[in-house]
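The values are calculated or read from the model by the stated rules, or taken from the named source; none is laboratory data. This is a predicted model, so every value here is computed, not measured. Reconstructed Cβ throughout: ideal geometry from the backbone, glycine too, with neighbour counts over all protein chains shown. To get the accessible areas, we keep the full protein, side chains included, count just its heavy atoms, and leave off ligands, DNA and RNA. Shrake-Rupley method; radii C 1.70, N 1.55, O 1.52, S 1.80 Å.
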Amino acid sequence: VSTWMVTRVVGDDWIILAANDPNYGLQAGTVLKWSDSFCCRMVEGLGPRVVPDAHAEPAYRDAPVGFQLEIGTYVGLPLAIEGEGLFGTLCGIQPEVHPDPERLRELGPVMQMIAQQLSVNLALDLERSRLQRRLDVAEALAQYDMLTGIGNRRAWTQAVDTEQARCERFGHPAGILVLDLDDLKVVNDEDGHAAGDDLIRRAAGVLRTSIRGSDQAFRIGGDEFALLLPEAREAAVLETVARLDEAFVASGIPMSIGAATRRADEHLEATAARADAAMYARKAERRR
């Protein structure tokens, strides 16, 4: 089989993390639809893992990916992380039907061993990455905002770049929230800048006590904050927004929040820009 890929499954995104492909032009970062794939059917147990002639296999014959890519031979093996479940797949395809079906099937156990070892290596690599993230968080404490004690804009920029590299390597999802205090200028004008500073400190305190241990909070402007939510899918991002909305209301702190979840082919800077736009839209709506 001439084309091989290591893939990640996130929701219905089937993300190619690494590819050796002389046939189709597939490369790392390509995003396909998981539910369209042969591998989805293989993982669900609907079709075999080693298929010398994909055209003759009922489970794969009508799969939508077969209308996008000419697939004559297919080999697919699940990659699972202990305690986390399915990570993705090791997938081999080529346009031609395999000329020696029995030989291909005989290689099945060997390829299964390779997939198992790859799963172990991925698990170790993921754990190293997560340990490194904790180290990054500890080092970021040196880049803190003196008023609030959370990360400053420099720390934010560094954290986004570092997490983007992890997203590209592992196909991780991620969420970004941008938050802005409402009417800080009014507080400063009517009650003085000390009261305004106290409001900013209280807002940072709400953030610290309302997010997961792996999430990171930053003060990126005078009254503007940002949150980075590693490995958070859209549902978790929306849950965080709802939790923060409730916490800020309970604390009597008027805050506008915008949120965005990283798209599989998107840089986190673009995600942050979408979150920022959502925040300003919400602020404008609240002022009507």
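Of (1) farther than 25 Å from residue 122 by Cβ; (2) touching a His at 6+ places or on another chain (Cβ under 8 Å), residue 59 satisfies all except one. Which?
With respect to (1) farther than 25 Å from residue 122 by Cβ; (2) touching a His at 6+ places or on another chain (Cβ under 8 Å), residue 59 is out only on (2).
So which pairs qualify, if the first residue must be in region 148-160 and under 20 Å from residue 198 (Cα atoms), the second must be open to solvent by 40 Å² or more (accessible area, probe 1.4 Å) and assigned to a helix (DSSP H, G or I), the Cβ gap must be under 6 Å, and the two must be at least 6 apart or on different chains?
If the second residue must be open to solvent by 40 Å² or more (accessible area, probe 1.4 Å) and assigned to a helix (DSSP H, G or I), the pairs left are 148/201.
If you take just the helices (runs of 4 or more DSSP H) that sit entirely in region 108-197, which of them hold at least 3 residues that are closer than 14 Å to residue 230 by Cβ and modelled with pLDDT under 90? Full working, then the answer.
Working: elements: 108-140, 153-170, 184-191.
Output list reads 108-140.
Residue by residue, here is whether (1) under 11 Å from residue 174 (Cβ atoms); (2) among the polar types (S, T, N, Q); (3) under 20 Å from the mean Cα position of the chain (by Cα) holds:
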site	(1), (2), (3)
214	yes, yes, yes
220	no, no, no
224	no, no, no
230	yes, no, yes
239	no, no, yes
244	no, no, no
254	no, no, no
263	yes, no, yes
271	yes, yes, yes
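Sort out which residues of region 214-258 are charged (D, E, K, R), in contact with a helix residue (DSSP H, G or I) (Cβ under 8 Å, 6 or more places away or on another chain) and in contact (Cβ under 8 Å) with a residue 40 or more places away in the chain, and write them in order of number.
The answer is 219, 223.
May I ask you to list the residues in region 237-275 that are open to solvent by 50 Å² or more (accessible area, probe 1.4 Å) and part of a helix (DSSP H, G or I)?
Hits for region 237-275 are 238, 239, 242, 243, 246, 249, 250, 269, 273, 274.
Please verify whether region 192-199 includes one or more residues that are under 22 Å from residue 277 (Cα atoms), open to solvent by less than 20 Å² (accessible area, probe 1.4 Å), of a type in the set (A, V, I, L, M) and touching a residue at least 24 places away in the same chain (Cβ under 8 Å).
No: region 192-199 contains no residue that is under 22 Å from residue 277 (Cα atoms), open to solvent by less than 20 Å² (accessible area, probe 1.4 Å), of a type in the set (A, V, I, L, M) and touching a residue at least 24 places away in the same chain (Cβ under 8 Å).
Within region 66-88, which residues are within 23 Å of residue 125 (Cβ to Cβ) and part of a loop (DSSP other than H, G, I, E, B)?
82, 83, 84
Considering only residues of region 34-53 that are under 25 Å from the mean Cα position of the chain (by Cα) and surrounded by 19 or more Cβ atoms within 10 Å (Cβ to Cβ), which is nearest to residue 6 (Cα to Cα)?
39
For every residue, the table says whether it meets (1) farther than 29 Å from residue 234 by Cβ; (2) surrounded by fewer than 18 Cβ atoms within 10 Å (Cβ to Cβ); (3) more than 25 Å from the chain's Cα centre (by Cα).
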| residue | (1), (2), (3) |
| --- | --- |
| 116 | yes, yes, no |
| 142 | yes, yes, yes |
| 147 | yes, yes, yes |
| 166 | no, no, no |
| 173 | no, no, no |
| 185 | yes, yes, yes |
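Which of the residues spanning region 54-65 are loosely packed, with under 15 Cβ neighbours inside 10 Å, touching a residue at least 24 places away in the same chain (Cβ under 8 Å) and either in a helix (DSSP H, G or I) or of a type in the set (Asp, Glu) (or both)?
Selection gives 55 alone.
Among (1) closer than 26 Å to residue 7 by Cα; (2) open to solvent by 50 Å² or more (accessible area, probe 1.4 Å); (3) polar (S, T, N, Q), where does residue 157 come up short?
In the conditions (1) closer than 26 Å to residue 7 by Cα; (2) open to solvent by 50 Å² or more (accessible area, probe 1.4 Å); (3) polar (S, T, N, Q), residue 157 misses (1) alone.
Take the conditions touching a Ser or Thr at 6+ places or on another chain (Cβ under 6 Å) and surrounded by 11 or more Cβ atoms within 10 Å (Cβ to Cβ) and apply them to residue 93. Does it pass?
yes
Residue under question is residue 207, and the condition is that it be outside any loop (DSSP other than H, G, I, E, B) and touching a Ser or Thr at 6+ places or on another chain (Cβ under 9 Å); does it hold?
Criteria met by residue 207.
Which one of these does residue 99 not meet: (1) closer than 22 Å to residue 25 by Cα; (2) out of contact with any Leu (no Cβ under 9 Å at 6 or more places or on another chain); (3) in a loop (DSSP other than H, G, I, E, B); (4) not acidic (Asp, Glu)?
In the conditions (1) closer than 22 Å to residue 25 by Cα; (2) out of contact with any Leu (no Cβ under 9 Å at 6 or more places or on another chain); (3) in a loop (DSSP other than H, G, I, E, B); (4) not acidic (Asp, Glu), residue 99 misses (1) alone.
Take the residues in region 66-85 that are of a type outside the set (S, T, N, Q) and open to solvent by 70 Å² or more (accessible area, probe 1.4 Å); name whichever of them is farthest from the chain's Cα centre (by Cα).
First, pick out the residues of region 66-85 that are of a type outside the set (S, T, N, Q): 66-67, 69-72, 74-85.
Adding the requirement that they be open to solvent by 70 Å² or more (accessible area, probe 1.4 Å) leaves 67, 70, 82-84.
On the way: 67: 28, 70: 29, 82: 19, 83: 19, 84: 15 Å.
Only one residue fits best here, namely 70.
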